[in-house]
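The values are calculated or read from the model by the stated rules, or taken from the named source; none is laboratory data. Remember, predicted model here, so these are calculated numbers, not experimental data. For neighbour counting, all protein chains shown are included, and Cβ atoms are generated from backbone atoms with ideal geometry for every residue, glycine included. Ligands, DNA and RNA are stripped out before the accessible areas are found, and what is left, the full protein with its side chains, is counted by its heavy atoms. Shrake-Rupley method; radii C 1.70, N 1.55, O 1.52, S 1.80 Å.
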Amino acid sequence: MMDKRSKIILYVLAAILVGLFFIESSRPKPVNWRPSYTSGDKVPLGAYVLYDNLEEIFPDSKIQSVDQVPIDFLLEHEDETDASYIFVNDYLVFDETETDYLLDFAARGNKIFIAAASAYGALADTLKLESSSSSFYRDG
């Protein structure tokens, strides 16, 4: 059997544990700065807000989410005109064939919007794109 002092110490420890649990669970979660650029991610570098507002940005347009690799989509839409194709990603790599289909898509009067930190491959070479991973910090 525990004496009165042991019970008090046990209750104080239990109260401290409950208090720590409450403080830890009510603390705000840290911001996720992982670049994802996906339409479902509501993190700062996700594309949820853009995707959710596409109908307002393009009010008279049919919005279609593409879940295919670009070459497959472009092959299925070889006769498409007056359309827009939006790419949002950390980086883009297009080979020669994909680049040809993408440029043909644009040549038919379609629009292509690319938002990427860097691009490599044939598309980058054709458009003479350069990217740099340098970052600058100036104190003052």
(Q) Could you give each residue of the stretch 105-110 its phi-based ³J(HN,Hα) in whole Hz, using Karplus coefficients 6.51, -1.76, 1.60 with θ = phi - 60°, and x for Gly or Pro? (A) 4, 5, 5, 7, x, 7
**Q.** Distance between the stretch 69-94 and the stretch 4-21 - C-alpha centres, whole angstrom
**A.** 62 Å
Q: Please report the relative contact order for the chain, taking Cα pairs under 8 Å with a sequence separation of at least 6, and give it as a percent rounded to a whole number.
A: 16 percent
Q: For Phe94, list long-range residues whose amide hydrogen, built 1.01 Å from N in the peptide plane, is under 5 Å from its own amide hydrogen.
A: Tyr120, Ala122, Leu123, Ala124
Q: Round to the nearest 10 and give me the degree value, 0 to 90, for the angle of helix 4-26's Cα axis relative to the longest principal axis of the chain.
A: 20 degrees
Q: Tell me the label-point distance for the pair Arg27, Ile57, using the 7 Å Cα-to-Cβ offset, in nm and rounded to one decimal.
A: 3.6 nm
Q) Per residue, how much accessible area does the chain have with a 1.4 Å probe, in Å²? A) 82 Å²
Q.
In 10 Å bins starting at zero, report the fraction of Cα pairs in the chain per bin as a rounded %.
A. 9, 25, 24, 12, 9, 8, 7, 4, 1
Q. How about the stretch 1-37: which chymotrypsin sites (Phe, Trp or Tyr not before Pro) there lie in a loop by DSSP and see at most 12 other Cβ atoms within 10 Å?
A. Trp33
(Q) At 7 Å along Cα-to-Cβ for each site, give me the label-to-label distance between Leu129 and Val66 in nm. (A) 1.3 nm
Q: Please report, as a whole percent, how much of the solvent-accessible surface of the chain comes from carbon and sulfur atoms (probe radius 1.4 Å).
A: 56 percent
**Q.** Relative contact order (percent, whole number), the stretch 16-61, Cα cutoff 8 Å, 6+ residue spacing
**A.** 20 percent
**Q.** Residue-averaged [θ]222 nm for the chain, counting only DSSP H segments that reach four residues, each worth -39500 (n - 2.57)
**A.** -11500 deg cm²/dmol
Q: Would you please name the GluC sites (Glu not before Pro) within the stretch 1-107 that are DSSP coil residues with at most 11 other C-beta atoms within 10 Å of their C-beta?
A: Glu78
